Structures are given as C-alpha cells and as structure tokens.
C-alpha cells in the first residue's frame, strides 16, 4: 500500500523543517504487511525493514481501521521513512554496502556471534542511530503539532 496522502504531507512537512529545505518532496513510499513481511521480519526478529522505497512491516504493528485503511505505529513509520531517505541520499548499493559493513565491523568488535552481540551491533549502526533519532524527533514534533492544533481550534 502506498503511504496515505495525509501522512505523506505530514512527514514531508516534518522533513522540510528537519532538512531546512522548503522544496523537499518525499518520494513515493510503499508499505507491505503480507506474508513476505511476516516472514522476513520474523526471521530477522525486527519490526520492519526498508529496501529502497519499499517498507516491509511486521503485521502486528499494523491496525486495520473501520474505513478499511491501515495504520502503522507512527514511530516505526518515521524510522522506516528515515531509511528510505538514507537510501535516496546514499544510493541503493552504497547504502546497503555501508550498512552491512558497519554491522560486520560492529559484530567483529563484539568478538562473538551470540544473539546479544548481533543486537548490539545492529543498534550501533550509524544509519540505525540516525533513524531512531529522527523517529523520536518526529513523534515529539507530531505531538507538539497536534497540541498546537487543538489549542488553536479551541480559541
């Protein structure tokens, strides 16, 4: 499914402010929640994974609304959209190379392949650190923006 227009506009506004670029436009982003998403996220023990402009989300993080639209946890969506933009900035193969190289270097420094070491190596990937930071900033910005809108509508 394509990112809903209202969500695209909200994320685009946020990234325009973050990047200090009034002309910034979010690329078309597609979210998948089917069997392949379930399989890959379960195997990798993750909530979601981004490949280019395609985001595969573990189905338990998606809610079907009454209007037949889907809602993805906002922090997860922001995190994965940050990865889409990293892919765009770095280029597809360069991003993958740098991401996997960083993971391998981090894992080598741990000295073993245990689950805890793999998790720590993942958390220390610079692209992941940046995506978590952006997601946290988006959640705060979104909450502040909604609060301001509520205050303005009550005036």
* To do: Just rank 114, 20, fewest to most, by other beta-carbon atoms within 10 angstrom.
  => 20, 114
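Could you tell me the calculated FRET efficiency between residue 120 and residue 25, based on Cβ-Cβ distance and R0 = 25 angstrom, to the nearest 0.05?
E between residue 120 and residue 25, to the nearest 0.05, is 0.10.
Considering all alpha-carbon pairs of region 1-151, what whole percent are spaced by more than 19 angstrom?
57
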* Structure fact -> FRET efficiency (residue 42, residue 113; Cβ distance; R0 22 Å; to 0.05) is 0.65
* Would you list 115, 102 from fewest to most Cβ contacts within 10 Å? -> 115, 102
* Asked: Computed FRET efficiency, Cβ-Cβ of residue 98 and residue 69, R0 25 Å: what is it to the nearest 0.05?
  -> 0.10
* What is the fewest-to-most order of 141, 123 by other Cβ atoms lying within 10 Å of their Cβ? -> 123, 141
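Restricting to Cα pairs below 8 Å that are 6+ residues apart, what does the relative contact order work out to for the chain? Please round to a whole percent. Present the calculation step by step, with values, prior to reporting the outcome.
On the way: 151 pairs, mean separation 26.5, N = 155.
Relative CO of the chain lands at 17 percent.
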* Counting DSSP beta bridges with both ends in region 1-144, the antiparallel % (nearest 5) -> 75
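Here, each number is a calculation from the coordinates, and none is a lab measurement. The structure presented is a predicted model; accordingly, all values stated were derived computationally and were not measured. Cβ: placed from backbone, ideal geometry, glycine included. Neighbour counts: every protein chain shown.
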